[in-house]
Every structure is written in structure tokens, then in C-alpha cells.
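Colleague: Dropping the structure in here first, questions after.
No lab work stands behind these numbers, since they all come straight from the coordinates. Since this is a predicted model, take the numbers as computed values, not measurements. Cβ placement follows ideal geometry from the backbone for every residue including glycine, while neighbour counts extend to all protein chains displayed.
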Amino acid sequence: MAVLIVAGLDTGGGAGLKADIETVSALGEHPLPVLTSVTYQNPSEVRGYHTLPPEVVREQIRAVRGSFKIGAVKIGMLGSREIAEAVKQETEGLTRVLDPVMESSTGAKLVDSVESVKVLILGSIVTPNVPEAEALSGLKIRSIEEMKEAAKVIAEELGAEAVVIKGGHLSYTDVLYWKGKLYEFPGERVEGFTHGTGCVFSSALAVFLAKGFELPETVERAKRFVEGSIRFSKAEARAVNPLWELERDAHRWRAKGELEEAVKELMELGEKLNPHVPEVGTNFALATPFSEVFAVKGRIVRYGGTIKPVGPVEFNASDHLRRALLKMREFYPEVRAVLNLRYSEELVEKAKKLGLVVSFYDRREEPEDVKRAEKGTMEWGIESAVKRVGKRPDLIYHLGDWGKEPMVLIFGRSAMEVVERVRALSSR
Ligand SMILES: Nc1ncnc2c1ncn2[C@@H]1O[C@H](COP(=O)(O)OP(=O)(O)OP(=O)(O)O)[C@@H](O)[C@H]1O
Ligand SMILES: Cc1ncc(COP(=O)(O)O)c(N)n1
């Protein structure tokens, strides 16, 4: 199924047509991109925009309307009244999702007037954010109740088929008014970049409608998709990541394979490694670029004169190493793997001789409140060891405390780098 996208180009690659294309593709449908305007923007500011002549927009839609099976159309930035009129005529008869883009999240105007957006409301599924819903309804919105009132007004007075008011500017709860009924979609704030959320939301809505879902289910699915695209956004882009699900799954698959290979390699060191395995066992953890962590279920234990993994490589199989790794990645995101061994003076000396950067933490220095919280010990320890050397440590040890076995953590930028370090450390 194809989804027609009528939108503007964001040169920063965060919102607009690029986010729409990625959303439609990521959700498995075919995007038909129609450009209305070129903006000059980055995630911090919109410097201006140029709208295309309405005939150019019209011809783009005409070129594809007859030759694809179009399940729905998503309409974003229109730019001008003339373009709005042309889009209205050329998309007649299609299921229309209208994101009534008026201003960017940075506060720059993206349309000549509210009236131009109103041209397309009749019969459309409209997805305003709170300020846009205020402009369309003439009401002030400070609560979910007021979102509901505004949604009703936009549907009844302007003739929208349905209205979804998005709560990104209020409480993260979205409201739908459809066929005389109101629905609430509760949400919680997700940490991450939010530039482009509105574009992704309306495109996802169009996709799920094209797939044949009923509106309430469509809104629920689109909302969850946006949440993922915020959670798995990347610092480099400073915007949502519509490819999150595909990337996350690919990274999981690769990380699992990488760690399985490395564990196999580690088993070759069996007899040499055996004396270095602590009472609690060794584990080996690897993080994906999204900081999801894989490890060996049940750990790697001493077995006769050699070693053996108890279970398979699994997601979230080691809380301890996961916390160590994630803390280290806050300082050095390039670090992806860690393995723990029994502490011995010889091991630490050997590491220094090999030129590894060695640091340590002393549990006796741990503040009382962190100690009492118990879960924070590892985080505190890694942070204090990192700060002690002032550069990226390859190995961190601690000498234990009452009831805690002394331990060595070996870090690396890949699982194989850790194996190589362990190989060097355990060779006689
Ligand atoms: N930080 C956040 N955490 C969770 N959900 C969010 C967050 N910000 C926005 N959302 C959700 O994202 C969707 C888009 O809402 P929002 O109100 O941000 O739209 P918008 O203002 O048009 O977006 P933008 O202008 O950034 O493109 C809604 O489902 C909203 O609830
Ligand atoms: C081309 C284009 N379309 C839409 C938006 C709105 O997105 P945001 O409100 O996140 O800036 C934008 N900034 N640019």
C-alpha cells in the first residue's frame, strides 16, 4: 500500500518530509513524497522558507495518484493558501490526515495564516498540538478536559472527520474526538529529542489507517511509535528517530551474534582462565549503540579444570555488569563490552605492564547513603574510578568489603577486544 505525503523539507533532517518518508518506510508501506516548500532550518532555528508554485505541487500529486494504490495521505507543512487549495483539490476522495503545521517547535511561522490550514480541515483527520488546537478552536487549553472541548469544537464547527489533540505540550495524554465520542490516550514523558514528533505521529497515523485499523487503535499505535522514536533518538540528529525499531532490532541481532562469537573464543582459554573466575562466576556483557545490554544467562563458571557458560547469551542477563557498562558509557560511549574476573595482584600488575589504563574504587570510601541504597554502589564505583584516572580506564578493580569478593572489570570497545585483553592477561 502507498501513503502519499505532502510536506515541507527540513534541511536539518529532523522533521518534515524526511521524517515522514522514514516513518512510512519503517512501518512497511511505500511513501510517495510530494514537496510543498523548502525550509532553511536546523534543530535550533528556522531561518526561512520558500514555497513551491502551487502548480508544481499539483503536478507532483497528479503524477502518482493514478498509478499507485494510495491508502491514505498525510499532509504537513503547506506554506501558503494557494498550495492548500491545490492540495485540497488534488487529494479529494483520499483518507486525509492533516497535521495543521503552523509554527516549528522553535517558534518560527511555517504557514502564511491559520486560514490556509483551515482550507483542508473539512472531512480530514486533524492532528493539532495544543497551541494549534487553540488557534483552530479559539479556546484556551490548560487541561485534558479543555483538550476535549477544543477537539469537539474543531470537529463540529470546522467539519473535521476526527480530531486528535496531541499532548506533547501539556501532559503527554492525547485526546481523540471521533463520531461523537471522546477517547483518551494516556502517556508519560519519554526522555530524548522531540523535534519532529508531530510529523512522525501524523505519518504513522496515515500508515495505520492505510493498513485498515480503526481510528482509536490507530492513535494508540501511532503514539507508541512516536514514544519509541523519542526514546531511541540520537544526539547527532537532535531529533526523533523514525528508524528506531528497525535499527534497534538489527543492533540486538548483531550484538547477540558478536557476544556469542566472543564467548566461544573465550572458552578456548578455558584452563588458563579457570583460576581467574571468581566464586560468583564470570559474566561478559555487550551493549548495543542504544545501550541495550546482552550477557550470559547464569554466568560463566568453573567446570572441572576449565570453564563453561551456564546458559545462552540473552538480553538483560546481568544486572551487575549492565549497570557498570551503562555508567562507563555515560563517560565513554565507545565502550561496549565488559567482563569480570577474580581480583589478584598479579592480574592488575600484568595489566599495567601490558599498558592498559588501570583504575580502582575503594568501597570503604563509599558514602553511607549510596551504601544504604545498595543498587547505587556499582554506579558510584565506576564514576569514582573514571574520575580517579581522568581518562578511559581499560580495567577497574576493587578490593572488596565485608561479604563482597574483590573483583576486576575489563572493558573494551568490542567483545573481541575484551577477549584479547583477557587472553593477554591470562597468558603465563
Ligand atoms: N517527551 C515526550 N514523551 C512522550 N511523548 C511525547 C513527548 N513529546 C511529545 N510526545 C507525544 O508525541 C506526539 C506528538 O505530540 P506533540 O504535541 O509533540 O506534537 P507537535 O508539537 O506537533 O510536535 P512537533 O512540533 O515537535 O513536531 C503525541 O502523541 C505526544 O503525546
Ligand atoms: C518542514 C517542516 N515541517 C514541519 C515542522 C514541524 O516540526 P517541529 O514542530 O518539530 O519543528 C518543521 N519544523 N519543518
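Colleague: Report, ordered by chain and residue number, the lysines lying within cross-link reach of K181, taken as a straight Cα distance under 28 Å and ignoring same-chain residues fewer than 8 apart.
Modeller: Those lysines meeting the cut-off are K74, K88, K118, K140, K148, K152, K166, K211, K223.
Colleague: OK, next. Packing-wise, with mean Cβ within 10 Å as the measure, how do 4-16, 339-351 rank, highest first?
Modeller: Per-residue Cβ counts within 10 Å, averaged per peptide and sorted highest first, yield 4-16, 339-351.
Colleague: Let me ask something additional. Run the helix sum for the chain: -39,500 (n - 2.57) per DSSP H stretch of 4+ residues, divided by residue count, reported at 222 nm to the nearest 500 deg cm²/dmol.
Modeller: Helix contribution divided over all residues of the chain: -12500 deg cm²/dmol.
Colleague: Can you work out ³J(HN,Hα) from phi for every residue in segment 91-108, in order, using Karplus 6.51 cos²θ - 1.76 cosθ + 1.60 and θ = phi - 60°, giving whole Hz and x for Gly and Pro?
Modeller: Result, rounded to whole Hz: 10, 3, x, 8, 6, 10, 9, 10, 8, x, 4, 10, 9, 7, 4, 8, x, 8.
Colleague: Follow-up. Write down the Kirkwood hydrodynamic radius of segment 327-423, to one decimal in angstroms, obtained as one divided by the mean of 1/r over all alpha carbon pairs.
Modeller: Over segment 327-423, the inverse of the mean reciprocal pair distance is 13.7 Å.
Colleague: Here is a follow-up. May I ask you to list, by number, the DSSP H helices of the chain whose Cα span along the axis is at least 18 Å and whose average Kyte-Doolittle hydropathy reaches 1.0 or more?
Modeller: Flagged H segments are 197-210.
Colleague: Given 20 °C and 1.002 mPa s, how large is the Stokes-Einstein diffusion coefficient of segment 2-242 in µm²/s, with Rh as the Kirkwood radius over Cα pairs?
Modeller: 124
Colleague: Out of all Cα-Cα pairs in segment 105-239, roughly what percent, to the nearest whole number, are more than 26 Å apart?
Modeller: Numbers: 1686 of 9045 pairs.
Across segment 105-239, Cα pairs with separations above 26 Å total 19 percent.
Colleague: For the chain, just the Cα atoms, rotate onto the principal axes and tell me the three extents in Å, largest first.
Modeller: Largest to smallest, the principal-axis extents are 79, 47, 39 Å.
Colleague: Something else: If packing is taken as the average count of other Cβ atoms within 10 Å, what order do 122-132, 49-59, 155-165, 328-338 fall into, highest mean first?
Modeller: 122-132, 155-165, 328-338, 49-59
Colleague: What does the highest-first list of 143-153, 383-393 look like by mean Cβ count within 10 Å? Could you put the intermediate results ahead of the total?
Modeller: Values: 143-153: 19.4, 383-393: 15.6.
With the highest mean Cβ count within 10 Å placed first, the list reads 143-153, 383-393.
Colleague: In what sequence do W380, W244 fall when counting other Cβ within 10 Å, fewest first?
Modeller: By the 10 Å Cβ count, ascending: W380, W244.
Colleague: I want to verify the translational diffusion coefficient of segment 233-386 in µm²/s; compute it with Stokes-Einstein, Rh as the Kirkwood radius over Cα pairs, at 4 °C and 1.567 mPa s.
Modeller: This corresponds to a translational diffusion coefficient of 76 µm²/s.
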